[in-house]
Amino acid sequence: MDFGLDETSRLVRETAEAFSKRRLAPIAKSIDEDGAIPGEVLKELADLGLMGVNVPEEYGGAAAGVLAYSQAMMQIAGGCASTAVTMAVTNMVGEVIAAFGTDAQKARTIPRLTSGETLGAFALSEVDAGSDPGGMRTTAVRDGDEWVLNGTKQWISHADGSEVMIVWARTGDTSSKGLSCFLLEGRPPGLSIPGHEDKMGLRGSHTCSLVFEDMRLPSDALFGELGGGFKIAMMALDGGRIGIASQSIGIGRAAQAAAVAYSKDRKQFGEAIAAFQAIQWMIADNETDLAAAEVLVGRAAWLKEKGERFSQEASMAKVYATEAAWRVCNRAVQVHGGYGYTREFAVERHLRDVRVTQIYEGTSEVQRIVISRALLK
Ligand code: COS
C-alpha cells in the first residue's frame, strides 16, 4: 500500500491550504453567524479548480485524482466546514455526472459546476426515506416527450444555490430497481424550495427541502439507465463518504491546533496547562485519533483512485474518521475549559460543525451495515 502524494496532489493540497488560511479561516465565524457563504468565496474556490478536483479537464475539472481531492477537502474544512460541505457535494455531483451522464449532459452541466457558475445538489433523501432511500415516494411518470415528477425531497444541501441537481424518483415497482435518476437543470415550473433548516452546525450551508408539483423535465433529463438510480446513488455515496471523512479530519485538525495553542498559552496553578498530564494525554489522544483516521481515509481514496472496489473501505474510513473527529473536537473544548463553551473560541463551532458528519451521507450505523454485510455475506 503506497498512497504517497504525487506532485499534482501536493500542489492541490498547498493551494487549498493557502486559500483556507488566507480567505476562509478569517471569515468562518461570520459565515456561521450570518448563515451564508459569500458568493465570491465559492467563485474563488472554483477558480482554483476546487469545485472539480477529480473531474476531467475537458469539463473544466482539475483531473487531480481522489487523493488530491481528499487532501483539499481536509484543508478547506479546517478553514470553514460550511464551505467544505458545499465543495464536497458539488464535487460529488460533477464526478457522478462525468461517470454516468451522456456526452450532451456532461457538456451542458459539468462546466457550470467547475466554473462556479452554480452549485451541484444531490436530491436523494425524503422525509420518510433517509437511511433507506429505497423507500422513497417521489414519482416520475412518462408523459409523451416529458417526465412528470411529484413528491418532496428533504435534507438537500444548498439546493437553493443549485441549478444542476441529480434527483431520484420512482419510475417502476417498489424494489430498488424501480428507482431512476434525473438531471434537474435550472428552475422548471412546478419546482419550489420552501426554505431551509435551522441547524446546530454548518450554518453557512443551507439544508433545503424541495417540492415537485407536476414538474416537467424533458426526456433527455433521464440520467443513467431507467431503473438504474439506486446503484448510481450507492456508488456516488461510496465516493461521497471519502469526502465527508476528509471533511471531519479537517475540522478535527483545526480543533487540535487550537487546543495545542491554547494549552501553551493558558496558565493555571502558576504554569501553562500544557504542563499538566491530563492535558498532555488529551492532546496525544487527539493526534492518534487523527493520524489513524488519515490512514483509513488515505487507503479508501487510494483504492478508488486505482479503480478498485472501495465501498467497505470508504465506510470504514467514514465511521472511524467522523467518530474520531467528534472525540477530538470534544477534547479540544475540554482543553479550553469554560472558554471552549463560548462563541469567542472556534472550538465551539468545530464541535457543532463536526457532529453532522456522523449523520449525513450515511449515518455511522449505515456504515456499520455496509462493513458487516461485506464481511458476513
Ligand atoms: N455500489 C454498487 N451497487 C450497490 C452498492 C454499492 N456500493 N450498494 C448496493 N448496491 C446494489 C446491490 O448490489 C443491489 O443490487 P442487485 O439488486 O442487483 O443485487 C442493490 O444495490 C440493492 O442493494 P441492497 O439490497 O444492499 O440495498 P439496501 O436497501 O439493503 O441498502 C444500505 C443498503 C443501507 C447500505 C443503503 O440503503 C444505504 O447506503 N443507505 C444510506 C443512504 C445514505 O447514505 N443517505 C444519505 C444521503 S446523503 S445526506
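The values are calculated or read from the model by the stated rules, or taken from the named source; none is laboratory data. Because the structure is predicted, anything quoted here is derived from the model rather than measured. Because the Cβ atoms are built from the backbone with ideal geometry, glycine has one as well, and the counts that use them run over all protein chains shown.
Numbers for the structure displayed
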item	result
Qualifying residue in the stretch 98-112 (condition: away from the ligand (no atom under 16 Å from the Cβ) and crowded, with 24+ Cβ neighbours inside 10 Å)	yes
Residue in the stretch 358-372 that is surrounded by the fewest Cβ atoms within 10 Å (Cβ to Cβ), counting only those that are assigned to a helix (DSSP H, G or I) and near the ligand (Cβ under 7 Å from one of its atoms)	ILE369
The lone exception for ILE279 - which of (1) buried (at least 21 other Cβ atoms within 10 Å of the Cβ); (2) out of contact with any helix residue (DSSP H, G or I) (no Cβ under 9 Å at 6 or more places or on another chain) it fails	(2)
Identity of the residue in the stretch 234-252, surrounded by 23 or more Cβ atoms within 10 Å (Cβ to Cβ) and within 12 Å of the ligand (Cβ to nearest atom), that ends up nearest to VAL333 (Cα to Cα)	ILE244
Filtered residue count, the stretch 321-357, keeping only those that are under 13 Å from ALA254 (Cβ atoms), assigned to a helix (DSSP H, G or I), more than 16 Å from the ligand (Cβ to nearest atom) and hydrophobic (A, V, I, L, M, F, W, C)	8
Residue satisfying condition, being within 13 Å of the ligand (Cβ to nearest atom), polar (S, T, N, Q), over 20 Å from the mean Cα position of the chain (by Cα) and not assigned by TED's automatic domain parsing to the domain that holds GLY65, within set SER176, SER125, SER131	SER176
One residue from ALA314, ALA292 being within 16 Å of the ligand (Cβ to nearest atom) and either of a type in the set (D, E, K, R) or assigned by TED's automatic domain parsing to the domain that holds GLN256 (or both)	ALA314
Boolean, ALA292 is modelled with pLDDT of 95 or more, in contact with a Lys or Arg (Cβ under 8 Å, 6 or more places away or on another chain) and closer than 25 Å to SER364 by Cβ	no
ALA63 of a type outside the set (Asp, Glu), surrounded by fewer than 22 Cβ atoms within 10 Å (Cβ to Cβ), touching a strand residue (DSSP E or B) at 6+ places or on another chain (Cβ under 9 Å) and without any contact (Cβ under 8 Å) to a residue 24 or more places away in the chain	no
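Condition check ((1) among the polar types (S, T, N, Q); (2) in contact (Cβ under 8 Å) with a residue 60 or more places away in the chain) across all residues:
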| residue | (1), (2) |
| --- | --- |
| LEU183 | no, yes |
| GLY186 | no, no |
| PRO194 | no, no |
| GLY204 | no, yes |
| ARG216 | no, yes |
| SER219 | yes, yes |
| PHE230 | no, yes |
| ALA236 | no, yes |
| GLY240 | no, yes |
